[in-house]
Amino acid sequence: DQQVKQNSPSLSVQEGRISILNCDYTNSMFDYFLWYKKYPAEGPTFLISISSIKDKNEDGRFTVFLNKSAKHLSLHIVPSQPGDSAVYFCAAQEPNDMRFGAGTRLTVKP
Amino acid sequence: DAGITQSPRYKITETGRQVTLMCHQTWSHSYMFWYRQDLGHGLRLIYYSAAADITDKGEVPDGYVVSRSKTENFPLTLESATRSQTSVYFCASSEPRLEQYFGPGTRLTVT
């Protein structure tokens with residue numbers, strides 16, 4: 001029972017272009033959403049988050065959008081850089097539960 | 001060193017053996033977590049702890065035991081390891097309802 005889904009296992013974009021990573025969830029009780037980035041042989045690191053009371057949060061090149069009615073969130077990276085190449089996990093949280101998606105491997109080509 | 005550390009980083013054990021993975025954090029975060037990462041599943045929560053002496057099951061707790069006698073330590077024990085427990089294990093810590101800080105992971109192979 002995957003409550004958080006990242007349907008694209010991989011994404012490849014050209015340097016300087018926009019990267020859009022998508023995430024869908026099924027549990028309407030989730031009220032806080034996060035994106036983590038993971039490099040090989042390292043633990044995930046926090047990237048950006050959004051509360052369910054907002055529909056957008058921006059931090060430099062990274063913007064997260066939340067569409068509660070569609071139970072969908074997305075991460076936009078503009079402009080994409082080769083150093084952004086990593087696996088990105090979305091996560092959804094409610095008071096007593098945290099669920100992660102399976103991850104999307106982003107490759108940014110120079 | 002400040003942060004969150006895990007030991008060992010790599011472990012090979014045999015089916016039926018008991019193995020303990022260690023996790024230590026220096027931030028005094030109240031919450032600590034154990035996850036396993038498997039291909040196609042992302043990160044799945046095994047157990048978490050809201051404070052010392054308080055632990056609770058996550059999504060996949062079967063076959064695992066945790067304890068938290070001190071705020072900074074959260075060991076994970078596989079009492080009788082099985083091949084299905086071959087995975088990469090991540091420990092994390094956080095303050096309530098905030099982002100988690102992850103350790104570098106332990107790669108466990110059960111033969």
Considering only residues that are surrounded by 14 or more Cβ atoms within 10 Å (Cβ to Cβ), touching a His at 6+ places or on another chain (Cβ under 8 Å) and touching a residue at least 60 places away in the same chain (Cβ under 8 Å), look in the range B:60-111 and name the one that is farthest from residue B:11 (Cα to Cα). B:94
Counting only residues that are more than 8 Å from every other protein chain (Cβ to nearest Cβ) and surrounded by fewer than 16 Cβ atoms within 10 Å (Cβ to Cβ), which one in the range B:39-59 is nearest to the chain's Cα centre (by Cα)? B:57
Does residue A:24 meet the test of being in contact with a Leu (Cβ under 9 Å, 6 or more places away or on another chain), surrounded by fewer than 22 Cβ atoms within 10 Å (Cβ to Cβ), modelled with pLDDT under 95 and among the acidic types (Asp, Glu)? no
For the range A:83-92, enumerate the residues that are surrounded by fewer than 22 Cβ atoms within 10 Å (Cβ to Cβ) and within 11 Å of chain B (Cβ to nearest Cβ). A:87
Any residue at all in the range A:62-81 that is of a type in the set (Ser, Thr, Tyr), without any contact (Cβ under 8 Å) to a residue 24 or more places away in the chain and buried (at least 16 other Cβ atoms within 10 Å of the Cβ)? yes
For the range A:95-110, what are the residues that are more than 9 Å from chain B (Cβ to nearest Cβ), over 15 Å from the mean Cα position of the chain (by Cα) and either closer than 14 Å to residue A:74 by Cβ or surrounded by fewer than 16 Cβ atoms within 10 Å (Cβ to Cβ) (or both)? A:109, A:110
Here are some residues: B:82, B:86, B:15, B:77. Which one is modelled with pLDDT of 95 or more and within 12 Å of the chain's Cα centre (by Cα)? B:77
Matching residues, the range B:1-38, being hydrophobic (A, V, I, L, M, F, W, C), under 14 Å from residue B:86 (Cα atoms) and surrounded by 15 or more Cβ atoms within 10 Å (Cβ to Cβ): B:19, B:21
Being at negative phi, among the small types (Gly, Ala, Ser) and touching a residue at least 60 places away in the same chain (Cβ under 8 Å) is the filter here; which residues of the range A:82-110 pass it? A:91, A:92, A:101, A:102
Can you confirm whether residue A:16 is in contact (Cβ under 8 Å) with a residue 60 or more places away in the chain, more than 14 Å from chain B (Cβ to nearest Cβ), surrounded by fewer than 15 Cβ atoms within 10 Å (Cβ to Cβ) and outside any strand (DSSP E or B)? yes
What residue, of A:57, A:22, is over 30 Å from residue B:5 (Cβ atoms), part of a strand (DSSP E or B) and within 13 Å of chain B (Cβ to nearest Cβ)? A:57
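The values are calculated or read from the model by the stated rules, or taken from the named source; none is laboratory data. What you see is a predicted model; the values in this text were computed from it and never measured. Neighbour counts run over all protein chains shown; Cβ positions are idealised from the backbone, glycine included.
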